[in-house]
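The values are calculated or read from the model by the stated rules, or taken from the named source; none is laboratory data. The structure presented is a predicted model; accordingly, all values stated were derived computationally and were not measured. Here the Cβ positions follow ideal geometry from the backbone for every residue, glycine too, while neighbour counts run over all protein chains shown.
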Amino acid sequence: MLILILERNDKMKKIPNIVSTKDLSYIEDMFNWHFVLCKKAYSYSELVCDEEISKHMMEVAKKHERICGKLIKMLGADN
């Protein structure tokens, strides 16, 4: 079974320009999850007193912000 799946994946060289409703729903969930984490990490970075923890929380926020950007770019929304 796994071999058949791998063979099918090898044949798909180009990602189709069509996004199904199920795919869009999954991407929307991923975006919302990362967006909320980005906002929370940014908020926590301003609330904590420890400078090192604040720095790490900003890094976490930026990481999730980059992922949100990649999801938007993947959908072609920035064109």
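Table: residues versus (1) surrounded by fewer than 13 Cβ atoms within 10 Å (Cβ to Cβ); (2) at pLDDT 95 or above; (3) not in a helix (DSSP H, G or I).
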residue	(1), (2), (3)
W33	no, yes, no
K39	no, yes, no
E52	yes, yes, no
M58	no, yes, no
C68	no, no, no
L71	no, no, no
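Looking at V19 and the list (1) in a loop (DSSP other than H, G, I, E, B); (2) at pLDDT 95 or above, which single condition is not satisfied?
Going through (1) in a loop (DSSP other than H, G, I, E, B); (2) at pLDDT 95 or above one by one, V19 breaks only (2).
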